[in-house]
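I have placed the structure first, in the form of structure tokens, so that the comments after it can refer back to it.
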């Protein structure tokens, strides 16, 4: 325990050195928040009272902005067009949408199933929560911030439960989180280079292609492994790659007691870095972190998914502080999702005590592959934006968007069903076994 | 030392008796085994944490405008959303944990 405290203390001391160390991508730079007090349609300007500043600021409209876009006396987020000048509005979005009963119920349900998923496989939820919040009317940056702020308390509760069940390897989690935060910085740098070279559409295309490639390749591998294990009814063993990597005796060696692994830091650190880099690029680091811990480090799926919750807690807390400093968290959404997800995450965590390793792998693979379809549906649109292919007909474009959204919902639903069925089966089997034992004892 | 203990003697008598007869279970023994210690469900705790959590949600939603404005001021105000999320996770998390216990959902014991 003392060692863990020393690591945490060291990380705390290093914080000032890496002020801009973001967890999974940072808040937008060219945006301001405030309330519009006046609009001058004739001169194409509007006066805004920016948060934290006493003097009002006058902004002029960009090319696509009209006077009707400016909403008075409501908190808004304004993206500025830095290429056109210091005070040119690029885009205006209202920060807080009206909360209706339907929206509250939607947030509760998505939270519950998202929580169930992350309690079970260690990650997930973010991939559907952020788009769900955006479709309810939240601006993208607010959706990301609110999701981040809901992630760390959820992961904390889940990690605590699974630590109590003896599944979470806190030390492995700390090593992964610390290296992943460094990996995120590298990922952001790469993103910036691409954004500067190929612009927004190029960056979107790059992200989507990496996303689809990684998820399909890793997802297919995990799926084939899960099917092999479930058919043969074999106990899960460490992969051949992990076993040969564990034989490399290169200083410094690290020992992870819960994961029951002794491996060189030269293996664990790159896994963490890579997870962080992908987290910065595709925003679903867990989908890489968990398979990385299973197939490269050599932990079981049970331990890897539990440890991912420790990683998610640290990265989520780190990220929430940064998004909070930028002032973009919609606490209403955060807490409404938490209301469902705190129940879901504990249910998912206790579900893992009833299932075998391959069930966790199966759920993870199913989610990864369906989410890949969702993002794949967006690729033609980005290709058209880049003029690589001719513009899509409007009908096709809207159909692809619908497919993309419903694939996310399908991923959530499929995961929810597999987890529930596996859990109910496990509980019934356990009860039957206990009753059988009882009868036996009585007879003897 | 054991000679003065009535239980010891009685148990010994019973044992010798059973071993001589065939393995027939007496109904009394079976019943006794079945009514072993059963964990009490934490209904009270669930209601307590549930009502605190509900009150916290009601307080937040009734002051929606104030909350959304102060929580998004940025800078040091970031402590508010992060702290609130932390606090809710304890209150509502405790409620959720007790709720699952009341519903009879417990982790498998090895």
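Seen against the Cα atoms of chain A and their longest principal axis, helix A:357-376 is set at about 20 degrees. The mean of 1/r over all distinct Cα pairs in segment A:101-424, once inverted, gives the Kirkwood hydrodynamic radius of 19.9 Å. For chain A, modelled as a GNM whose springs connect Cα atoms under 10 angstrom apart, the maximal fluctuation among A:231, A:356, A:171 occurs at A:231.
What shape does segment A:257-303 take by its C-alpha gyration tensor, where a ≥ b ≥ c are the square roots of the eigenvalues and a/c under 1.5 counts as rounded, a/b above b/c as prolate, and the rest as oblate? Note, shape of segment A:257-303 comes out oblate. Among A:152, A:256, A:127, the residue with the largest mean-square fluctuation in a Gaussian network model of chain A, with springs joining Cα atoms closer than 10 Å, is A:256. Across all directions, the shadow cast by the convex hull of segment B:43-103 built on its C-alpha atoms averages 4.1 square nanometres.
The relative contact order of segment A:54-198 comes to 14 percent, based on Cα pairs under 8 Å that sit 6 or more residues apart. Note on segment A:385-444 and segment A:158-193: Cα centroid distance 25 Å, given to the nearest whole angstrom. Considering all different alpha carbon pairs of segment A:194-311, the Kirkwood hydrodynamic radius works out to 15.6 Å. How large is the translational diffusion coefficient of segment A:109-238 in µm² per second when you combine the Kirkwood radius over alpha carbon pairs with Stokes-Einstein at 37 °C and 0.692 mPa s? Translational D for this selection: 186 µm²/s. Dividing the convex hull volume of the alpha carbon atoms of the protein assembly as shown by its residue count gives 222 Å³ per residue. Taken along its three principal axes, the alpha carbon spread of segment A:28-146 comes to 55, 31, 28 Å, from the longest extent down to the shortest.
Comparing mean-square fluctuations of A:415, A:155, A:432 from a GNM of chain A with C-alpha springs under 10 Å, the top value falls on A:432. Using the alpha-carbon atoms, what tilt in degrees (0 to 90, nearest 10) does helix A:394-443 show relative to the longest principal axis of chain A? It is inclined by approximately 30 degrees. Put the Cα centre of segment A:326-355 next to the Cα centre of segment A:284-306 and the gap is 21 Å. Rounded to the nearest 5, the antiparallel percentage of DSSP beta bridges internal to segment A:25-94 is 85%. Note on chain A: helix-only mean residue ellipticity at 222 nm, from DSSP H runs of 4+ residues weighted -39500 (n - 2.57) and normalised by residue number, equals -22500 deg cm²/dmol. Summary value for segment A:101-424: 36 percent relative contact order, contacts being C-alpha pairs under 8 angstrom separated by 6+ residues.
Using alpha carbons only, how many degrees (0 to 90, rounded to 10) separate the axis of helix A:331-351 from the longest principal axis of chain A? On a 0 to 90 degree scale, this one is about 10.
Need one number: convex hull volume per residue for segment A:114-174, Cα atoms only, in Å³.
80
Within the protein assembly as shown, DSSP assigns beta bridges of which about 90% are antiparallel (rounded to the nearest 5). One Cα centroid belongs to segment B:35-82, the other to segment A:52-109; the line between them spans 30 Å. Rounded to the nearest 0.05, what FRET efficiency do residue A:186 and residue A:209 have when you use their Cβ-Cβ distance and R0 = 22 Å? The calculated FRET efficiency here is 0.75.
Since every read-out is calculated from the coordinates, none of them should be taken as a lab result. Owing to the predicted nature of the structure, the values given are computational and were not obtained by experimental measurement. Backbone-built Cβ (ideal geometry, glycine too); neighbour counts: all protein chains shown.
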